[in-house]
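Notes for the one structure printed next.
The values are calculated or read from the model by the stated rules, or taken from the named source; none is laboratory data. Only a predicted model underlies this, so the values are computations on that prediction, with no experimental measurement involved. Don't worry about glycine lacking a Cβ; one is built from the backbone with ideal geometry, like all the others, and counts go over all protein chains shown.
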C-alpha cells in the first residue's frame, strides 16, 4: 500500500521556502517508501492558470483530486492564500476535491496572520469537498532554522488526529 | 469497543428541533449498540453557564472532552452559533477539545446562512483542538419532514470521510 | 450637537483592562464635551443575560441600538469574541443594530489572534446591521504601558475614515 | 466636486452580469454628473495579472487606490471571491487601499453563499486598508429581472450609512 501524496504550492516565486515547509511536513507525516510524492509548484504554471481549456492544468488538477493527501501551501498575502492558489482551485467544479484529505499551510512574516490557515484556507478546501482533519499550519518564515522541530510537532498532531478519526471508521471501513 | 458520543445543543430553548437533528445524525452515523450517547441540552444549564467554579458545568465539560465524537448543534443566531454554546466552550482552557472528533451543525430558517457551520462553528472547534473531518452540516428547519433523507446523506459523507482519513492512519495506528 | 456613544464590554470579569482600552479609544475619538458616554460592563449583567423577558436587558439593548457610535470590546476567547458578548447581541432581532456605527475591539495575550476583530467580530456586527467603517482593533494586553500611543493611532485612523466616508455623503446628507 | 469611482470586476469572462450589477449599483449611489466612473474588467487583463513589473497593471492598481469609492464585484467561486480578483489585489503592498471606501459585491446562483461578501471579501478589503461601511452585497444571478429594485435597496442602505458615518466626522472634517 502506497499513499499518494501531492504538495501544491501557491507562491508566485518558484522553489520557495513555503515549498520546503510543505515537503518537510510530508516527510514527517509518513515513513520513507510508504508514499509517492508529486510537488506542483504553481509558479511554473502561471501562464496557463487562466487558460481554458488546458491539458497541462487539467492533468495537474486531476492528479491532485486523485491523491490520498494533499498539502496546500502558500505564503500569506493580505492575510490569506494567494490569488495564484485560488486560481488553481477555481478550475475545479463544485466538490472537486471530494474525499481528498488536505492540510492547509500558510507561511508568514510574523504571528499577525496566524489564524489564516484555519479561518481562510481550510474553509476553502472544505467547500471543495476536501477533508481537513486538524488545524491549519502557520509557519513564521523567520523560523526556518527550527523547521524540523516545528514541522515535526505539526505532523505529530496530524498523525494523532488520523488515528482518532480512524477509531470512528472502525475495522470494517479499513478496506 | 463502544464509541463514546456526545451531543451538545446550544439552543436556549430545551428539546428543540436542533437537538432532534443532532441525535438523528448520530443514529445515522453508527449502528445501534456500538455507541453510548449523552445529550447535553444547554438550555437546562443556562443559570450555571457563567458560574465559576461549577461542579455541574465541569462535569459536562469533562464528559464532552473525553468523548470520541461530539456533535455540536445550534440554531443560527446572527449568522453563527449562539452565545449559549460559545459560553459553554469558553469554559475550556486552550486546546481543551484536543483529539475530539467534532461535527458542527447549525439549523436555520433558509439557505442564507448556509456557510455558518463551515466558516464560523468549525474554526471555533478547531481552535479548541477538535478534529472536524468534513463539512459543517446546515439544516433548514422547514425541512423537518425530510430529516431522515437529509441527515442520512450527511452521515454517509462523514462515514466516507472517516474511512478516507483512516487509510492515512494505517493499520499500525489503530491501537 | 452631542454624539451618543456606548461602550459594551464582554469580559465576564468586571472593570477589566479591555474596558479601559475601549473607553480610552472613545476619549481619543472625540473632543471632551462633544459626546455622552455610557459604559455597559456585561460582567454586571451575567445573571440576566439569558432571562426573557428582562426589563434590565431590554433597556441596555435599546440604549446601544440608539447610539451613534458603539465600541464593542472583548477579551479574545478561543480566537474570537466571548459567549457573554454574543449572548447580549443574540437578544437583538434581525438588523437590530441598523445604522449604528460600531468599532470592534479585541484584546489578547499576543499577536496570534490579531485577525479576530476583523474576521469574527466585525462580520457579526455587520450581520446585525451595524456599520463598521474600518479595521477591527486588536490590543495586546501586555502593552498597557503604551495604551495611549496605540489607541491614539487607531483613533486617528478611524477619524480619517469617518472623513473619507463623509465625503461620499456630500453636504446634503449632513442634516 | 466630482466623486472618483471605480468598478473592479473579477470575472474571468468579460462583460458579465456581475459587471452590470456593479455599474448599476454605482448609478443608484450617486446622481448623474456627480461622479467619474472607470470600469476595470479584469477579464481583459488576465495575461498580465502575474506579470511583474507591468506598467499596465500598475496603472490600474494606482487608479483604484486613488478612487474615492470602489465597487469590487465577482462571481462566487468556491463560496468566495475569484482567484483573478485576489491576484489583482495581491499586487498591492500592505495597506495599499488605505482610505478607499469599498463595497464588496458577489453574485451567485442561489442563496447558499450569501455570507460570502461579508465574511470573505469584506475582510480582504479591510486588510488592505479599505473602509467598508456596510454589508457586502450578494446578488442572486437569476434575479437580473429585478436588478433595479434590489440594487436600489442596497444603494439606499449604503447612502444612509454614509450619512450616519458623516455625522461622526462632524462639520470640521468635511474639508
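Taking the criterion of being more than 14 Å from chain C (Cβ to nearest Cβ) and in contact with a helix residue (DSSP H, G or I) (Cβ under 8 Å, 6 or more places away or on another chain), the residues of segment B:47-74 that qualify are B:56, B:60, B:68, B:69, B:70, B:71, B:73. The set of residues in segment A:46-91 being closer than 17 Å to residue D:87 by Cα and free of Cβ contacts under 8 Å to residues at least 24 places away in the same chain consists of A:47, A:48, A:51, A:77, A:78, A:83, A:90. Scanning segment A:75-90 for residues that are within 7 Å of chain D (Cβ to nearest Cβ) and either farther than 13 Å from residue A:48 by Cα or touching a strand residue (DSSP E or B) at 6+ places or on another chain (Cβ under 6 Å) (or both) gives A:77, A:78, A:79, A:80, A:82, A:83, A:86, A:89, A:90. Taking the residues in segment A:52-91 that are within 22 Å of residue D:76 (Cα to Cα) and exposed (fewer than 15 other Cβ atoms within 10 Å of the Cβ) as candidates, determine which candidate is modelled with the lowest pLDDT. Per the criteria, the residue is A:52. Scanning segment A:76-118 for residues that are out of contact with any helix residue (DSSP H, G or I) (no Cβ under 6 Å at 6 or more places or on another chain) and either on the phi > 0 side of the Ramachandran plot or in a helix (DSSP H, G or I) (or both) gives A:85, A:89, A:95, A:113, A:116, A:117. With the condition kept exactly as written, say whether any residue in segment C:31-39 is under 21 Å from residue C:125 (Cα atoms) and buried (at least 18 other Cβ atoms within 10 Å of the Cβ). Checking segment C:31-39: not a single residue is under 21 Å from residue C:125 (Cα atoms) and buried (at least 18 other Cβ atoms within 10 Å of the Cβ).
Can you say whether residue B:162 is within 26 Å of residue B:34 (Cα to Cα), more than 10 Å from every other protein chain (Cβ to nearest Cβ) and touching a helix residue (DSSP H, G or I) at 6+ places or on another chain (Cβ under 7 Å), as far as the supplied structure shows? When the stated conditions are applied, residue B:162 does not pass them. Whether a residue is assigned to a helix (DSSP H, G or I), at the interface with chain D (Cβ under 10 Å from one of its Cβ atoms) and within 20 Å of residue A:60 (Cα to Cα) was assessed, and residue A:121 does not pass this test. Of everything in segment C:117-175, what is closer than 19 Å to residue D:3 by Cα and under 17 Å from the mean Cα position of the chain (by Cα)? Give them in sequence order. Result: C:133, C:161, C:162.
Does at least one position in segment C:15-25 carry a residue that is part of a loop (DSSP other than H, G, I, E, B), within 24 Å of residue B:80 (Cβ to Cβ) and at pLDDT 95 or above? The answer is yes, given that some residue of segment C:15-25 is part of a loop (DSSP other than H, G, I, E, B), within 24 Å of residue B:80 (Cβ to Cβ) and at pLDDT 95 or above.
Residues that are surrounded by 18 or more Cβ atoms within 10 Å (Cβ to Cβ) and either free of Cβ contacts under 8 Å to residues at least 12 places away in the same chain or touching a strand residue (DSSP E or B) at 6+ places or on another chain (Cβ under 6 Å) (or both) within segment C:1-22 comprise C:3, C:5, C:6, C:7, C:8, C:9, C:10, C:11, C:18, C:19, C:21, C:22, listed in sequence order. Considering only residues of segment B:1-14 that are part of a loop (DSSP other than H, G, I, E, B) and within 14 Å of chain C (Cβ to nearest Cβ), which is nearest to the chain's Cα centre (by Cα)? Looking at the filtered set, the residue picked out is B:10.
Residue D:40 falls short on exactly one of the conditions (1) part of a strand (DSSP E or B); (2) under 18 Å from residue D:162 (Cβ atoms), and that condition is (2).
Condition (residue is more than 14 Å from chain D (Cβ to nearest Cβ) and touching a strand residue (DSSP E or B) at 6+ places or on another chain (Cβ under 6 Å)) applied to segment A:39-46: is it met by at least one residue? Yes, segment A:39-46 has at least one match. Mind checking which residues of segment A:26-37 are assigned to a helix (DSSP H, G or I) and within 13 Å of the chain's Cα centre (by Cα)? Passing the criteria: A:26, A:29. Return yes when residue A:133 is at the interface with chain D (Cβ under 9 Å from one of its Cβ atoms), more than 12 Å from residue A:10 (Cβ to Cβ) and modelled with pLDDT of 95 or more and no when it is not. So residue A:133 fails the test.
For segment B:97-118, residues that are within 14 Å of chain D (Cβ to nearest Cβ) and surrounded by 24 or more Cβ atoms within 10 Å (Cβ to Cβ) total 6. Filtering segment D:136-153 to residues that are touching a strand residue (DSSP E or B) at 6+ places or on another chain (Cβ under 9 Å) and either within 12 Å of chain B (Cβ to nearest Cβ) or over 21 Å from residue D:15 (Cβ atoms) (or both) leaves D:136, D:138, D:140.
The number of residues in segment B:126-142 that are in contact (Cβ under 8 Å) with a residue 24 or more places away in the chain, part of a helix (DSSP H, G or I) and surrounded by 24 or more Cβ atoms within 10 Å (Cβ to Cβ) comes to 0.
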